[in-house]
Structure formats: structure tokens, C-alpha cells
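Quick notes on the structure that follows.
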Number of protein chains: 6
Amino acid sequence: MSDDLKAFEGVSTSTLTTVLLKKGLRNVWIRGARPLGEAVRIVGRAFTLNFIPAREDLAVPEAWASPISTRAALEAAPEGSIVVANAMGVTDAGVFGDILCARMVKRGLAGLVTDGVVRDIAGVKATGLPVWAQGTAAPPSVAQLIFTGWEQPIGCGGVAVFPGDVIVADADGAVVVPTKLAAEVADLAVEQERLEAWIVGEVERGVALPGLYPPNAEARARYEAARKTP
Amino acid sequence: MSDDLKAFEGVSTSTLTTVLLKKGLRNVWIRGARPLGEAVRIVGRAFTLNFIPAREDLAVPEAWASPISTRAALEAAPEGSIVVANAMGVTDAGVFGDILCARMVKRGLAGLVTDGVVRDIAGVKATGLPVWAQGTAAPPSVAQLIFTGWEQPIGCGGVAVFPGDVIVADADGAVVVPTKLAAEVADLAVEQERLEAWIVGEVERGVALPGLYPPNAEARARYEAARKTP
Amino acid sequence: MSDDLKAFEGVSTSTLTTVLLKKGLRNVWIRGARPLGEAVRIVGRAFTLNFIPAREDLAVPEAWASPISTRAALEAAPEGSIVVANAMGVTDAGVFGDILCARMVKRGLAGLVTDGVVRDIAGVKATGLPVWAQGTAAPPSVAQLIFTGWEQPIGCGGVAVFPGDVIVADADGAVVVPTKLAAEVADLAVEQERLEAWIVGEVERGVALPGLYPPNAEARARYEAARKTP
Amino acid sequence: MSDDLKAFEGVSTSTLTTVLLKKGLRNVWIRGARPLGEAVRIVGRAFTLNFIPAREDLAVPEAWASPISTRAALEAAPEGSIVVANAMGVTDAGVFGDILCARMVKRGLAGLVTDGVVRDIAGVKATGLPVWAQGTAAPPSVAQLIFTGWEQPIGCGGVAVFPGDVIVADADGAVVVPTKLAAEVADLAVEQERLEAWIVGEVERGVALPGLYPPNAEARARYEAARKTP
Amino acid sequence: MSDDLKAFEGVSTSTLTTVLLKKGLRNVWIRGARPLGEAVRIVGRAFTLNFIPAREDLAVPEAWASPISTRAALEAAPEGSIVVANAMGVTDAGVFGDILCARMVKRGLAGLVTDGVVRDIAGVKATGLPVWAQGTAAPPSVAQLIFTGWEQPIGCGGVAVFPGDVIVADADGAVVVPTKLAAEVADLAVEQERLEAWIVGEVERGVALPGLYPPNAEARARYEAARKTP
Amino acid sequence: MSDDLKAFEGVSTSTLTTVLLKKGLRNVWIRGARPLGEAVRIVGRAFTLNFIPAREDLAVPEAWASPISTRAALEAAPEGSIVVANAMGVTDAGVFGDILCARMVKRGLAGLVTDGVVRDIAGVKATGLPVWAQGTAAPPSVAQLIFTGWEQPIGCGGVAVFPGDVIVADADGAVVVPTKLAAEVADLAVEQERLEAWIVGEVERGVALPGLYPPNAEARARYEAARKTP
């Protein structure tokens, strides 16, 4: 991970969406992308893939050997990037299976996020690649989808994703942080995490939420005092 | 739990829906409310919350400090009650996160049932609050929802819920028992559980289902005989 | 399992859908049928059940005692067959509960596949019957469905299923192999599994996918050579 | 139309659903079946057709020449009957086009009701056959559907339809009246129409609805008096 | 119509949504509410009704005589107001039929907007009441819905509606203008209409859109000049 | 229209989908694209536009002035082409309104096909541009969508559309004919229309459908004879 993304490692997607909403961005969470298997947190820059619906004369296994193929795309993705695939929410054909996921791990990619599904879920889990998707399906992508290219602006799960956007994904799903807002959002999110940790402690002590969350002036003063007291 | 609800502890939601259907009530199971994490069974009276769609000028984090807020509502809920939240089936914004769930535990509330989702799933699970929901999402409620009040009749998962209705929730979801039918339903359900336990035993012995489930006269006689033989 | 189905035990549903697509069949995977609990692989011939929507005068528990009942149907299913139930995708009433699943196990049926849901999930899991479904719901089938008969052609999860079709189900869901294609598909699938196992090994060695998957002439030659070298 | 159905000609589907609900039947209106073109009212007995999802090896135009074809089915339908086709709500392939509709008119069938769509809408309208459907689509039925037979119990638009059930269709859609309730429902519906006509007159006179609709004792007395005064 | 709403009569819902979006409000158009019959434009203040899902013991025709009934609600609505009914998007039961619509006309209400449907469409159209809805269905509201009260904040078609909000409805549907923004939005909308009328004239003259719509500095100067030249 | 497309003018989309299905292409009809207003038939080459979901920092009216805007795209479309816009099925924001449609007419474009909706329906109809869409909505495209470019492969209504594909649209919707199949499909479709016209005549004479549609050997012989007899 590049250094400018380090700060995101300590913040949850829940916190990021709160911060982004305060900046006016409500539509940043990729619908349908749930962690498959044990949830971890990954951070990286988006490498985008685009699919469109299948047409029978084009959607054949031979298409996998075309120069514009998912195979070629994966070779072009920078190490550490997160592959974000627009599968148009298709749930009856898997965009990737074990072989492509295994290659992604070999190439050092950080993970896969899609609004579709994967296939050969046992094999995919065995590769260790972190995946966020709607689930699994047996049929190959060409049963429903044609790949059209990479590193274009895409829609994924109802959200705009541009190549290079910061992606953070954890147990609550995957969030897009626009590049130009990344530094500011990271700073605000770190502070928000700190505040919420203090509030959780107050709740543990039995404090009621009205006036505490969000904090009124009195609560904020106590928080500021606590921050200064190590 | 109040004493009049004790009988419900031993009956499953499957049994309750069978009994209610025999009384003419088919629409009592809250669609979309699945147990998050290990399923337990909870019983309690409904404390209802209502949300409507967000409008950008009102759906801001500042709304959380309004007198009509989810924070204020939770302070008003009786100990042992089950919070039932109408989120209109929204799955891309969490009605509650870890902080509100932690407060619910502190206040002795029995659980949360919603047709929407929660956020910060790791934090919510850590509180130990039993939750029935569609899953999890990172965005805060204000990204999609405005809270309008508590203890009104609501729709939740396609079912009418009135304040004080009996709620039973387990691995098969959450069921509403209208207050005025509660005592009669509890009695019938306890007997239905007893009958089905006997039928399971018969199936174990190799008895075929036609004539056994539901029992014909002969099977019912055997059941009655078995009941008398301790 | 009859001998002619043995070959299917070693092939995944992912591989089967790839082979069937090459034969022109894209629509063979039953949408909505996910394994409940730990995924195993089962193989068997389809025994079909059909449901239609409920009408209140007919959809009553008494219907369970009718000669055309799910109870009677289960007695008619051959040992080793897989029950495939068209529930029209209904998710708010369970087609079967613990008692029917227990009887299926007693009768030696291989599993249950449905585009609907089951009920009393804890009881169903306790029977050990392998089940593929959308999940669980508390209400009985008659809350939404009427059973109309068995061993008819049905639709299930958007796929045509004829009595006697070969069903293979595993972690990626359930696939229908038309009877008349079964032998040919089994042969092709076994070979496809062998090829993909070799490709996985190549990926492990660091080979990039373009030219390897699908294999170009050079890669295929290497594969053929490897096959001959034990 | 047979004489026993005459009474239905004067009652609307709105009135029929009100009467059926009072008899405990809430699920009798076929979802998705809207009148195409100018709405008329038709009354007849259901002649049912059943479709399942297409499989590419079977769903070919040649299937139209099979003995189990929609063509053969239409020849078997009694004059005056209403064809009710279960298309599983499919909206991207038309169950019938102009040629089949023209033959239905020649055979004296009263109309077509489906939860799917028709094709060649201009041609269908030219035949004059009354049609209730979701709309129109260009593709032939075999693009999505296989025909499996006629005169079976079917689901159509979420409603159970048995061969011979009474169907009434008008501008508000199509309603199923179970055969055994037909005579009683017709009588009640005729009376309900009479009452509502009187209420409309009262509203015209400026009477407010509370106490009038439904009528309280005073209003009912006035209604009874009005009935006796020609 | 009160004088402060006069300005809205000359602006389309398309223009209003453009103006509201510039003020940061994107979610103001009621999904599913289409004009039934010939489209007119109506302007008025929202009088809100709320429905929740039906439960069989409560959703009976007798409920229509309850003090909390749609009948009572209509008597409470101010002349000139627009009834906005939250039907939760239900399309298989009509919230209102001809009798209630006839009473609304008698009481001088301006129209009905709902995310559900009406029933007895022929009768409703005969009353002349302007209606925006998803369409028509034969079943009465109690087949699916229970009425819970009036003049509460509601959701309708995915939009928040508060009692007294300004509603404008025309051929493109129905839009909610928050009360506190009404005056400012009306002024901006009138000016926007004027600008777009000028642009349409320019397009008629053959001017290309880049630079014209939205206008660049040169185009805006020409527009300002044109405004001053009568 | 270029000369090579002349043959398509006489064939319906229903006939085209039948012919394409015989060539193995089932997925060629654009779901959701219905004719708005009086249906005509248009034929032309696809000029594709692509939209993705909106993000609040980018989806502002100012975006309409960007070099990558729908305004710029329309200037690039060849005369006689049909604009096909991927709106991802969005129905709550109109891709185009009256001003853009007016410009399309000025530029000699043949029509607009989208899986989304238009806005200002009255104004759009006044331009006379033939439009196939899901309907109308008041909000501007930026309320939900961002435009990303033109003349790329797109999905529209679940169908792949490549720049230059032949589009035929009529009362039954819009169909895509892949460029490389266009000549062959046109020939087959003209012959299919001729055959079906003869069959309609036979049905008028009272001939039953089995054996006639599709024609068996005897019927085909009669058809061939009729073709030779002017």
C-alpha cells in the first residue's frame, strides 16, 4: 500500500461513510458487495473492469482468449490495487473463479470487489484472495456477461467508481473515496474514530445517548479533557 | 419478561405461525429479519420505531440531536421490550450501529428486529444484543432514512406491528402475535409442540407421514395414549 | 447412486456449467438454491414437486392429509433421488420442515433442492438432509403455497427440470443435466477438471493467464505432455 | 356464455373482490394482467395453459409442432372459455402473437388472460380478441418459455387458477371465482352493486361518507326504503 | 389555491426538480405516481394519509366504519389540498375507488397522489378527480392495507412528505417542495422556465447545444439582451 | 437510411426476433424500451451513449457543460443514426428532455432508445422525435446519472449494443441486429413475413393451427403453390 493510504487502515467503512456524508456524498457504498468468508479490511486504489450483457455469438469460452479479456486486464493491474468489477448486479454467472483469483494473488493484487458473484467458491477461498461479492454461482461469466475493457469509469453496485479512487472494504462492505477528497477524509475519519471510541466508553459507564452522541457542548468538553489526559 | 409471556419461551416461531394460520392469520412473519450471528430465542413486547425516506435538508447527522431522535426513543423503551424498527426494507443504510446497540443492552432491552440493516456489524456483535435484520451496510441511517417517532402502529417486513404486540424471534425469524390472541395462541402452541415432538419420534421409528402428520384418528389415539404413559 | 452417475461425483457444478455452455445450454443453474449449512456434493435423479400460489379456501393445514400431498409424494420418490421443488421463489413460507426432512432421510433420498425456503431450520439441520434453498422462514407452506402434484416438468429457479434429469449440487448451487446429454457431459467434465487442475498448477508456478487459460497451442502441448508423464 | 354465468355480466371485478374478501378470499386478482386496448368485460370459465422456463435444447421453433403445443391446446378449449396462461410473469417473450389470437377468435374463445405478455401487438389488436397481459414484447415464447400442457391447476399472477374456475375481467383486471362459490358470490355481488349505486347517488347529493359507506343503521334504513320506492 | 402558490402554476415538475437539485435536494419526485388519464397540472398543499400492511383480524370491510378511517380523514382535509397517500408501493389493492374520489371532488380537494393504485378505474375517471398512481387493481384496500391516520410525516414513492408541503403534479409526475423553500424555489423556477423557453427558440433556429444549454457567457449575454427586447 | 437497411423497413421486430433465435441469438430485445406515443417503425445504426450512477460531487448541472457531455455526443452522431442510451434501467431521472430531443430532430437523428426514461414528456412529444423508453420522470439526469462517453459497447435493457449495430424499433419495442448478420437476417425476415401473411390468410379461412403454423410438408407445398400464383 502506498504511504498516502496508510491512514485508512485504522478507519472503518462505517466511519468513512459518516465523514463522506458530512461532505455531501451519500452514494459511496457499493450495494451487494459483501465479504465472502472471514472479513478483513483492505485498502487500495481501484482498478476497474467493465462487463455488459452477453450476446450468444460473442459470449463463448473462446472470448477468454481475446486481447480484450479479463486475463489481459489482470496483468495490467498495479500491485496493491483492488479490482472493482461492474457485473451489473448479475447473480447467475460468476465473474471470476479460482484460476483468476489465484493469478490475482500471485500478482499481488489486494482484493476483488464486485456487484456480481464469483464461481467455484471453494477454490476461490483456497486462494486466500479477499473478495466482496453477492455470493457464488456455478455458471461461467460468458453465460451472462461480456467483458469490454478496463480502467474506465464504471458503475458498481449503484456507485460511480473511477480508476484510482481509494477503496476501503471491511465487514460492512466496500466504500469509494474520491481521489481528490482522500487526504481530507482520512484526517476527519481518524478523528471520528477517536471520538466514537470515547463515546463507547461513556456508554459502558452507563451514560445515556441524548447529549452524548452526537456530543453537546458539555460532552464535547469532557471529550477534549479526556483527550489531553493520557 | 413478564409472566404472561413465559409460555412463549418454549415454542418456536414455526409452531406459532402454524397456530396463527389456524386462527386465520397468515401475515405475521416479518420478511427480511434474519438473525445476525448465533440464533437465540427472544420473547418480548414490541416497542415500535418509524422511519421514512431521507430528504437532504433534514437527513443530516445533526438530526441525531433532535428531540425526536432514535436516541430519545431508546430511553423511552421499557426494560425487556423488543425494538421493532420500520426501515421500509432499506438495505443500503444501517438503522443502528454499535453505540446505539450498546445503549440498548445497558437499558435491558431484549433485542432489535428490523426489515432494514445495521451498521458496524463487528461492533454490534460485540455488544451481545440479539439482532434480526437483513444484514449490514456501512452508511449511516441519514443517508437514506429520517426517524419520525416511536410507539405508533408500523409496517415492518410487510407485517403490521402495534405497540405492545408480542414478538417472538428465533432462527426462523420474527413473528408478531396480536396482544388479544396471545394467551390462547400460547396454549395452542405448547400443545402443538408436544404433538410434533411425538411425531418426530414416530418418524424416527420409521413410520410414514401419510396418516401421521397430520395425525388421523388412529394416530391421534396413539398419541393420546402416549401422553398418558409417562 | 446408480453406476451411470458415478462420474459426476468428481466434477464440480462450475465445471458442468462450462461444459453445458459449450453444448449450447446456458440456463441450467437453479437460481436461489444455496446450500444451507456445510456444503457437500450430491448427485442424483430429479424427483419433481410442484406448488402454485395459495387460495385461502384450499390452503389450510387439512390439505396436508389430502391424497395429493407432499407426504404422499415423498413416499413415491425412489431411493437416492433428489427432490426438486418448484416453490415459485417464495421466501415467506417454508416448503418443508424438520418432520418431512426427517422422513426423507429415512427413505434414503439424497437431498432437497428448491427455489423457495425451508422452515424450522434448526430441526432441518439436525436431520442431516442436504438442502439447497434460499434460506428459512417460519410460516408453513400453506401460508403461501398449494401443492399440486409430483413428477411433472417444472420450473425451479428459472430453469426447466424434467423428472429423471441428473442433478448435481455443491457449494456453488445446483445444476440440471438433461438425461440425454448426461453421459457425454460426464466425459467432457472429467477431462475439463483434469485440464483445470493442470492450469492451477501452472498458475502456482507463476505462469500468466493469457495463453494459458484457455490454453493456446503451446500450452495445450505442454498439458498433453504432462498428462503422459505420470 | 352458459346461463349460470349471466349474473356476472353486470358486476365489476372491484365488486367481486369485495364480496370474495368478505368470504375470506383475499388472493383472487391476477397480478400483471391489464387490459390491452379498450377495456371490455368478459366472463367465462378458465381454460388453463402452463409454461416453464426455456432450456435451449428444447425451446426451439420446432417445438411449436409438438403434440403438446399451444396450437393443440387451443383446439381443445371449449367455445366461450377464457384462456389463462401461466407465463411466470415473464415480460421479455410473448406467449402468443397475432396468428394464435386470430385462431382463438375463430374458435369462439372469449379472451386471453396471462401474467406474461403478447407479441406483435398491432396484429393481436387487429384480431379483436380481448387480452389481459403485462404488455408486449417482440421475442417469441421459446426465447424464454416451454409449454408443458393444459387444463392443470396453475399459478397466474400470484393466484391459483383451476380449470373451470369462473374468470371475470374488465378495466381493473381479471378475477378468479372458485367454481363452488360462484352462485353465492354472484348473488351477493349483484346486491352489492345495487347498494353502491345508491351510495354514489347519496354522495352526489352531498352526503359525507362516515355513516354512509359502509352504511350505518340509519343509512341502511334509507337504502331499504329507497329500494322499495321505484 | 392560496395566493402564495400561484407562481407554481406556470412551472413544470421538470423545472422544479432542476431548481431543487441546485439547492441540494435530489429526492423530491414521488416514484410510481403517474397521471391516470389526461395529464393536467395541479398545485396544492399535502394532506397526508398513512397505510401499513394488512393483518387479517383487522383488515376487514368493517374497518371502514372506524373513527380512524379514510372516510373520516377526507372530511378533515382542507379545500384545495392534495391528498398524498402512502400505500407502500402496493399495486394489488386500490387505496380508493369511485365513491371516495367522488366525495373528494364534492369537498373541493385538488387531487390524489399515491405510490399505490386506485380501484374501479372507470368510476374514478368519471368523477373527474385528477389522480397520480401506479395504475389500477380490483381488490379493496383491506386486502393488503390498514389505514393508520392522517397528517403525519409519511414516505410516499421513496420521498418524505410532511403535512403542508407544496405538491405540484403534472404529466411528469408529482414533486414535493418543502414549505420553507417554497417561495425561493418558485422565483427560481419561473426564471428557469423563461431561460429554457429562449433556449428552445435558439434550438429551433439551428443553434447547437454545447455552449447554449447550459449557456456560456456569450449565450447568456444574448439571452439577457433578448429579455430586454420585447 | 442507407440502402443496405431498406429491407428492414418491411419487417417487424417480432419477425426479426424469430429469425435471430433460429440463428442462436435469444437476447436481442431491449427490455424496458416501449414506444412513447403513437408507435412507428424506425431503422438505423446504433450511436451509443453510456451513463453510470451519480456521485454528488460530479453530478451537478454544471457537468452539462463538460466536453464529455450528452450535448457534445449528439453533435457527433451521424444523420439517420439511432441514439441508444444505457441508463442502467434508472426510472427516476430522465436522460433527455425537450431541448435535447429538439436538437436531435434538427440534426436528423432517427430516434432515441433507452432502458431509462425521458423528462418533460409533453415537450418531448412536441418535438416529434420517436422515443422508446420506460416512461417519464421529472428529475434531471444528474439526479441519478453521470454521462461517461459515446460510441462504446454498452448494455441497454439487458442486451449488448455495439456502435453501428442495426436497430429496428416498432410497437413491440427495439431489437438489435449484429452488423455481421444484418444482410442474412434481412433476407430471412422478408421471407418469414411472406410466409406468416399467407398463414394469417389460412387462419381467416378457418384452418386450424396444428400442421399450419409451423407448416408441415403439406401446408408448405400449398404455400409454395400460392407464392407462384399471383
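Quick notes on this one:
- Take the accessible area of A alone and of B alone, subtract that of the pair with a 1.4 Å probe, and the total buried over both chains is about 2300 Å².
- Computed with a 1.4 Å probe on the full set of protein chains, the accessible area for D:Thr136 sits at about 40 Å².
- Global geometry of the protein assembly as shown, whether rounded, prolate or oblate, following the gyration tensor of its Cα atoms and the 1.5 cut on a/c: rounded
- Kirkwood hydrodynamic radius of the stretch E:174-218, from inverse mean 1/r over distinct Cα pairs, in Å: 12.2
- When the Cα positions of E:Pro139, E:Pro210, E:Gly97 are compared along the charge dipole of the stretch E:88-230, E:Gly97 comes out farthest toward the positive end, with charges on each C-beta of Lys, Arg, Asp and Glu.
- In the stretch A:8-28, comparing the full protein assembly with the chain on its own, the residues that lose 10 Å² or more of accessible surface at a 1.4 Å probe are A:Ser14, A:Thr17, A:Thr18, A:Leu21, A:Lys22, A:Gly24, A:Leu25, A:Arg26, A:Asn27.
- Average projection, convex hull of the Cα set of the stretch F:108-230: 12.0 square nanometres.
- Dimensionless Rg/Rh of the stretch A:1-99 - Kirkwood Rh, Rg from C-alpha atoms: 1.01
- Those residues of the stretch C:96-141 for which accessible area with every protein chain present is at least 40 Å² below the isolated value (1.4 Å probe): C:Ile99, C:Arg103, C:Lys106, C:Arg119, C:Ala138, C:Pro139
- For E:Ile52, the accessible surface of its heavy atoms amounts to roughly 0 Å² (probe 1.4 Å, protein chains only, rounded to the nearest 10).
- Shape call, the stretch A:1-52: gyration tensor on alpha carbons, a/c limit 1.5: rounded
- If you sort D:Tyr213, B:Tyr223 by accessible surface, 1.4 Å probe, largest first, the order is D:Tyr213, B:Tyr223.
- When shorter helices are ignored and each DSSP H run of at least 4 residues is given -39500 (n - 2.57), the per-residue value for chain E at 222 nm works out to -9000 deg cm²/dmol.
- Lys/Arg +1, Asp/Glu -1 at C-beta; chain B dipole; positive extreme among B:Val124, B:Leu112, B:Ala54: B:Leu112
- For the stretch B:52-129 and the stretch A:111-146, distance of Cα centres in Å: 33
- Taking every DSSP bridge with both residues inside the stretch F:103-188, close to 75 percent are antiparallel.
- Beta-bridge orientation, chain E: approximately 60 percent antiparallel, per DSSP, counting only bridges with both partners inside.
- Residues whose amide H lies under 5 Å from that of B:Val84, counting only those 5 or more places away or on a different chain, are B:Phe47, B:Thr48, B:Leu49, B:Val113; hydrogens are built 1.01 Å from N in the peptide plane.
- Using a probe radius of 1.4 angstrom, the carbon and sulfur fraction of the accessible surface of the protein assembly as shown is 55%.
- DSSP beta bridges in the protein assembly as shown [antiparallel fraction, %, rounded to 5]: 60
- Solvent exposure, largest accessible area first (probe 1.4 Å, DNA, RNA and ligands not counted), of F:Lys6, B:Lys228, A:Lys23: B:Lys228, F:Lys6, A:Lys23
- Hydrodynamic radius of the stretch D:45-100 by the Kirkwood approach over all distinct alpha-carbon pairs: 12.5 Å.
- A 1.4 Å probe run over the stretch B:62-159, with the rest of the protein chains in place, finds 28 Å² accessible per residue.
- Within the full protein context, the accessible area of E:Met88 is estimated at about 80 Å² for a probe radius of 1.4 Å.
- Under 5 Å from the amide H of B:Gly97 lie the amide H atoms of B:Arg119, each residue being 5 or more positions distant or on a separate chain, with H modelled from the backbone and absent for Pro and chain starts.
- The order of the peptides A:156-163, B:14-21 by mean Cβ neighbours within 10 Å, most packed first, is B:14-21, A:156-163.
- Placing D:Val176, D:Val90 in order of accessible area, with the largest value first and a 1.4 Å probe, yields D:Val90, D:Val176.
- P(r), alpha carbons of chain D - 5 Å bins starting at zero, rounded %: 1, 7, 14, 17, 17, 13, 9, 7, 5, 4, 3, 1, 1, 0
- Size estimate for the stretch D:73-155 follows the Kirkwood approach: the inverse of mean 1/r over distinct Cα pairs works out to 12.6 Å.
- Span-like helix ranges in chain F, DSSP H, alpha carbon extent 20 angstrom or more, Kyte mean at least 1.0: none
- Among the listed pairs C:Lys180/D:Lys180; E:Lys6/F:Lys106; A:Lys23/E:Lys6; F:Lys23/F:Lys228; E:Lys23/F:Lys125, those with a Cα-Cα distance over 32 Å are C:Lys180/D:Lys180; E:Lys6/F:Lys106; A:Lys23/E:Lys6.
The values are calculated or read from the model by the stated rules, or taken from the named source; none is laboratory data. On a predicted model such as this, the values are computed, not experimentally measured, just so you know. Neighbour counts are summed over all protein chains in view; Cβ atoms, including those assigned to glycine, are modelled from backbone coordinates with ideal geometry. Ligands, DNA and RNA are excluded from the accessible area calculation, which covers all protein heavy atoms including side chains. Shrake-Rupley method; radii C 1.70, N 1.55, O 1.52, S 1.80 Å.
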